[in-house]
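*Asks:* This structure is in structure tokens; I'll ask about it shortly.
A short reminder: the numbers here are calculations on the coordinates, not readings from a lab. Bear in mind that the values here come from a model prediction, so they are computed numbers and not experimental data. Methodologically, a virtual Cβ is constructed for each residue, glycine included, from the backbone with ideal geometry; neighbour enumeration extends over all protein chains shown.
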């Protein structure tokens, strides 16, 4: 037993796919259902579902008002954190915190995906 996947519900699938492609995830649709998946290098699946699909499964589903969950993407170097942060901004997505050297020994930045989920970018200093 163990963590196998992280699910994200998206109100704008094409924009969400573009965002996560910048992070190296090649989300592919499974069966034309509005469900998309990609596997990380570590084997964890990231799943993106359309609001319509989720409402077919759970008709009274409502978007949460705040989750407190952050997806964290390891980068190969501090420069890669800076570069990815810049590319995400240039692609029209929002930054929460510009890259900085964290006191715990990592280069860190935080952005938001199209649905407002926080995504951290980090690398060892």
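*Asks:* Quick check on the range 82-95. Is at least one of its residues surrounded by 14 or more Cβ atoms within 10 Å (Cβ to Cβ), touching a strand residue (DSSP E or B) at 6+ places or on another chain (Cβ under 8 Å) and more than 18 Å from residue 18 (Cβ to Cβ)?
*Replies:* Scanning the range 82-95 turns up at least one residue that is surrounded by 14 or more Cβ atoms within 10 Å (Cβ to Cβ), touching a strand residue (DSSP E or B) at 6+ places or on another chain (Cβ under 8 Å) and more than 18 Å from residue 18 (Cβ to Cβ).
*Asks:* Cβ-Cβ below 6 Å, separation at least six or inter-chain, first residue in the range 62-90 and within 13 Å of residue 111 (Cβ to Cβ), second assigned to a helix (DSSP H, G or I): which pairs?
*Replies:* Filtered contacts from the range 62-90: 75/81; 87/22; 88/22.
*Asks:* Can you find even one residue in the range 54-73 that is over 14 Å from residue 113 (Cβ atoms) and within 12 Å of the chain's Cα centre (by Cα)?
*Replies:* no
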